[in-house]
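Following: one structure in structure tokens, then a few remarks.
The values are calculated or read from the model by the stated rules, or taken from the named source; none is laboratory data. None of these values were measured; they are calculated from a predicted model. For neighbour counting, all protein chains shown are included, and Cβ atoms are generated from backbone atoms with ideal geometry for every residue, glycine included. Just the protein is used for accessible areas: all its heavy atoms, side chains included, with ligands, DNA and RNA removed. Shrake-Rupley method; radii C 1.70, N 1.55, O 1.52, S 1.80 Å.
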Amino acid sequence: MDPIHELEQLSAGLADIAILLFQYKQDLVKQKFTEQQAFQLVRDYQMILLNNKN
């Protein structure tokens with residue numbers, strides 16, 4: 001596959017994930033988590049998704 005096409009697909013996938021993570025953080029704040037707690041939970045979830053590490 002063309003490397004440029006692969007990078008474009010990766011970029012699009014990361015943009016989709018970023019939108020979902022932002023919405024997840026907003027939902028956590030609505031559920032009365034502090035901004036810091038919500039950020040930490042989203043960061044941990046992102047690490048699991050992208051790195052497959054705990």
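How large is the accessible surface of Met47 in square angstrom, using a 1.4 angstrom probe and rounding to the nearest 10?
Ignoring ligands and nucleic acids, Met47 comes out at about 90 Å².
For the chain, set up a Gaussian network in which alpha carbons nearer than 10 Å are linked by springs, and say which option among Leu41, Leu14, Leu28 fluctuates the most.
Highest fluctuation of the listed residues: Leu14.
For every helix of n ≥ 4 consecutive DSSP H residues, a contribution of -39,500 (n - 2.57) applies; sum these over the chain, divide by its total residues, and give [θ] at 222 nm rounded to the nearest 500 deg cm²/dmol.
Value at 222 nm, helices only: -29000 deg cm²/dmol.
Calculate the dipole size of the chain relative to its Cα centre from +1 charges on Lys and Arg beta carbons and -1 charges on Asp and Glu beta carbons; express the result in debye to the nearest 20.
Values: 5 positive and 7 negative charges, 89 e Å.
For this selection, approximately 420 debye.
Would you mind getting me the FRET efficiency between Ile4 and Met47? Use the beta-carbon distance for r and R0 = 30 Å, nearest 0.05.
0.60
Projecting each Cα onto the charge dipole of the chain (Lys/Arg +1, Asp/Glu -1 at the beta carbon, about the Cα centre), which of Leu21, Leu10, Leu41 comes out farthest on the positive side?
Leu41
Kindly give the semi-axes, whole Å and largest first, of the ellipsoid equivalent to the chain, taking each as the square root of 5 times a Cα gyration tensor eigenvalue.
Equivalent ellipsoid semi-axes, largest first: 28, 13, 6 Å.
How far is helix 3-30 tilted, in degrees, relative to the longest principal axis of the Cα atoms in the chain, given as a value from 0 to 90 rounded to the nearest 10?
10 degrees
Longest span of the chain, sites excluded, free of trypsin sites (Lys or Arg not before Pro) in DSSP loop with at most 13 other C-beta atoms within 10 Å?
Longest site-free region, per DSSP loop and neighbour criteria: 1-31.
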